[in-house]
Every structure is written in structure tokens, then in C-alpha cells.
1. Please give every one of the lysines within straight-line cross-link reach of A:Lys6, meaning a C-alpha to C-alpha distance under 29 Å, and leave out same-chain neighbours fewer than 8 residues apart.
2. Highest GNM mean-square fluctuation, chain A, Cα pairs closer than 10 Å: which of A:Gly126, A:Gly151, A:Gly241?
3. With +1 on each Lys and Arg Cβ and -1 on each Asp and Glu Cβ, and nothing else charged, work out how big the dipole of the protein assembly as shown is about its Cα centre, in Debye to the nearest 20.
4. I need A:Ile201, B:Ile148, A:Ile65, B:Ile108 ordered by Cβ neighbour count within 10 Å, fewest first.
5. Test of understanding: in a Gaussian network model of chain B with alpha carbons linked when under 10 Å, which of B:Leu11, B:Leu89, B:Leu202 would top the mean-square fluctuation ranking?
6. Among A:Glu95, A:Glu239, A:Glu51, determine the one that fluctuates most according to a GNM of chain A built with springs between C-alpha atoms less than 10 Å apart.
7. Direction-averaged shadow area of the convex hull around the Cα atoms of the protein assembly as shown, nm²?
8. Beyond 22 Å, what share of the Cα-Cα pairs of segment B:45-204 is found? Please give it as a whole percent.
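Just so you know, all these numbers are worked out from the coordinates, no wet-lab data involved. Everything numeric here is computed off the predicted structure, so don't read it as measured data. Methodologically, a virtual Cβ is constructed for each residue, glycine included, from the backbone with ideal geometry; neighbour enumeration extends over all protein chains shown.
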Number of protein chains: 2
Amino acid sequence: MSTVAKAVSLLEMLGSGAPETALADLARRAGFDKATTRRLLVSLIAHGLVEQDETTRLYRLGAGIARLALMREAQFPFLRMAAPVVEALAAETGETVHLSEYSKRGLITVQVIESAKANRVSVQLGDVVPMHATASGIAFLAFTEERIREGVLAGPLPAFTPHTIADMEILVEHVAAARARGHSTGSQGYEEGVLSVAAPILGADGFAIGTIAIAAPRVRIHKGDIERHGASVAAAAREIGERLFGRQPGQKRAS
Amino acid sequence: MSTVAKAVSLLEMLGSGAPETALADLARRAGFDKATTRRLLVSLIAHGLVEQDETTRLYRLGAGIARLALMREAQFPFLRMAAPVVEALAAETGETVHLSEYSKRGLITVQVIESAKANRVSVQLGDVVPMHATASGIAFLAFTEERIREGVLAGPLPAFTPHTIADMEILVEHVAAARARGHSTGSQGYEEGVLSVAAPILGADGFAIGTIAIAAPRVRIHKGDIERHGASVAAAAREIGERLFGRQPGQKRAS
DNA sequence: TATGCGCATTTCATTATTTGCAACGGCATT
DNA sequence: AATGCCGTTGCAAATAATGAAATGCGCATA
């Protein structure tokens, strides 16, 4: 295991769970020696990615993380460009809307606007959602590079609910349908009782770089809602793409 | 030089400068061997902190950075709590307002609201500003732990303009004055023609964790403005502290 | 179309860093 | 006073990182 891999997994452990973590706890969870863990943390502290409370000796993520994220946002203003569109879509539909960005590990939820309704779908900011079990994932797969799609299809398809698509053949059909319609639908594949509609945000090269999705309790979705929401979410996705890259290229033809 | 130090400096290089960087360029700037640089990047890519354009082979910061920042914000919602207060202060004063957070390297600018006026002060998001040359820095020093203050005072005090306080004795006086008044002032210490007023945001233990500042062109500041802005910025800082930690503790007495 | 240049990538023996055990001291609870 | 847990540090062993060189690729120039 490379040293940077260890350091990064420490960062991820600090990010998940409690706001602050003790050294021994961290070492146990990571499976590293106490001494090793501490030395890695010291290196990370020197660069501001981790901070330590002077009195309690607990560790937490540092402001250097925020700095890197701000620098990234300055170079590629995904959130700044997408946020108004997401807000408009949430206002238009009255349902929970979330925005996600592609990463090797899955789709990262980077913005969420929750519905004002009492019965609403709740998504956690920063969560990584699986490609095969969500509307967003399927929308993404439908418009990503062959190589990435094959990677997901070849991998395991763990079931999160009894409704999760765990069969590769069926998943391929869903992806093909999403490609044909320009948006995808998901039905309780990740969380029970939730219906979603999603569309891909396309990059300059025509491949998906993220997705935008509407999520609503199943009981609130009636005949025709899916189609209406599908059109809305696809329009929002296209607008985000245009705001980021100017006029959108034609979608890449999948082989 | 530790391996994680090298990896982190690559991240910082990717964050500064052009949105995408070539391997050779990165290796040159960092002073690492091409092979070394690439292996570090591969490790970072595996964790989503870096991405590589498949066709151009250029590297950029990845979505994993945003994920870590979101997880941090979920644990410690500094921006979410402070943002409305910063906006209100900007609306009240009509001048540029910026918010910063402490980090080992200096104060990190995490939010900026620029004045609507044509002649305005512009601050770069994500920038790290020096402690001794800005109103924010002096406000922070006035309310931080002895140890951190001594560290800055002991270090070099580089001059950014002819007005930068480069003398340790004078700096100590400014810090003492800021401590007495509850807010600090800065006059062209970092950028020519800019006057600033700043106040510390205090943590649960009474020590500063960040600052909020008003920055305006020197020509626009008239008699009385400094005092008025000082009161406003101090009130805003206090409100942010209260939103984060509940009722504010008394300020720590510096020895 | 041919040629040369710069770049990214891979290999492998050498080197240096990281590692984990163990011991120490501090702190709080028993 | 004693016990247990934690954070910290030293040191020899082990492992991972290193850099020079070779390979192959793409691009621009001849």
C-alpha cells in the first residue's frame, strides 16, 4: 500500500463519522500502527490538510482542504455555474433536486436542495452514490465513455434494496433507454420509496461529467409526472453544460 | 522530504496556475523526477483527488477534493453559518467584505463579496494572506494563542508594499491596539491604496479561528468611517461566533 | 511523407524512507 | 497506589520510493 494511499484514507476517515477523532481510534479503523498513523497525520498537519486540537489532541480535517477545493472551483466553476440552475429546477418542480459530479469511486453529491414538503427525499452532501443503483448513475453511464461504462458493468452490482438492478442485462437495457430518451429514471434502487429522474451534464467532448436529478417520494408521483420531470431535468442539464462550455456539442455516439 | 509532503505539494501546484497541467511541467516545477511525479499522481488519481484528461493527458484537481471539503463543511459548517452574516455586512457597508479561516500557512480567504462600486478591492478566493501585513492577520494575532502569535512574531516579516509593517516592535503595538479595541485596521500593508478593518471570529475556547474584514479603496474612506466599520465588523464577527458555538465565551486574556 | 523532438510511460537495481515493535511518560479512572 | 489507555519517541528491519535509461507515442517541422 502506497504511502499516499494511506494518507488519503486517513483524510477520508476524518471526513466520515464524528467531527473529531482520536489517534488510537483512527489507527484502529485504518489498520495502521499507531506510530505510522501519527507520522502521517503530522505530515498532513504541516500542510494544513489536518488540524489537531491542542488540548484534546483530537484530529480533524483542516482548512487546507477547503483551500484546495476553492482553488479547484476557481479553475472549474462547476458549482457556481450549476447552482442557479439547480435552484430554478427545485423551485419549478417543488421536489428535492441534487447535483453530482463524476469521480472514480462513483457520483459525488455536490449540491442538494430539499423539497419544502414535509414528506421529502433527503440526500447527504458529499455522499458517493453507486452508478448502477440510481437514476443519476444510469444517466451518467448512458453518456460516458465506453471504457468507464464497461468498467461498471463488469464490476459487482450490489443490491441496496430489493429493487436494485443487480442484473447486468437489465442494467444495459436501462442505460440504452436512457441514452435514447436523454434522461433516466430510477425506482427505489438505492432507497426504498424514492423515484428519481436524472439527466447527464455533458462536457466539452460530449461525454458526461456529472448529473442532475429530481428525487421524490413514490406516492407523490402520478401519471405524466415522470415525463414532465424528465423534460425539465434534461433542459436543466443542458443549460448547465452550456453555461460551463458554451454551446453544447452533439452527444457522443456510443458504439 | 516525506512522500505525503510531495503528494500535497503536487496538489497545490495543480491548484495554482492553469486549470490543467502537463506531467513534465509539474515535475519541473516541483523538482521531482518525472517518474516519481507520475507515480504520485497515479496514487492520487486512484483516490479521486486528481483527474487526468484521457486524450490530452493533462492533470487537474479531482472531484475527491470537493468531496473532502463537503465532508468537512458538514462536520464544521463555517461557511454555511458565516455566509449570511458576510452578505449582510457587505450590504450594510457597500464595500468588499471577505472571510478567512486560520491555517498553518496563513489566513485562507474562504468567501469574498465584492463591492458593487466600480472602484473596489478585489480579493482572490483561496488566497493565503500573511498575518503581519493585513488587518485580518493582526486581528487574528490579537486573539490567538500565545504560541501561534509568538511563531509569527519570531518569523520573517516580508514587505509587500512600502507600507507593510516590517518591524516587530511596531507590529506588537498594532496587535495590542487591536486587542484593546476588538478590531484591527490595516493600511496598504498588503496592497497599495487599500484600507481594511477586521475582527476576529472566536472559537469555543475564546481564541480566534478566523476573521472577517472590510476592505475599501483608501480614497473612499473618510473621517469616522473606520470607527463605524470597526463596530460593524466586530458585531458581525461576534454573530458568526455565536452561530457556530452558541453564546460566546469571554475573550482569552493574553499574557 | 519522412524525420526529429519532446513527452508520457515502464523497467529495474539502488537507496532511502517508512514501518512496527517496544518502551516511556502522562492522565484519568479504579 | 495501581491499573489501563493514550500519545509519543527510538531503533533495526523491511518495504516502498527513487532516478537513470530505455521504449513508444504524437506532433510539428523539414
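1. A:Lys34, A:Lys104, B:Lys6, B:Lys34, B:Lys104
2. A:Gly151
3. 440
4. Numbers: A:Ile201 31, B:Ile148 17, A:Ile65 27, B:Ile108 23.
With the fewest neighbours first, A:Ile201, B:Ile148, A:Ile65, B:Ile108 line up as B:Ile148, B:Ile108, A:Ile65, A:Ile201.
5. Result: B:Leu11 has the largest fluctuation of those listed.
6. A:Glu51
7. Hull-based average projected area comes out at 25.8 nm².
8. 50
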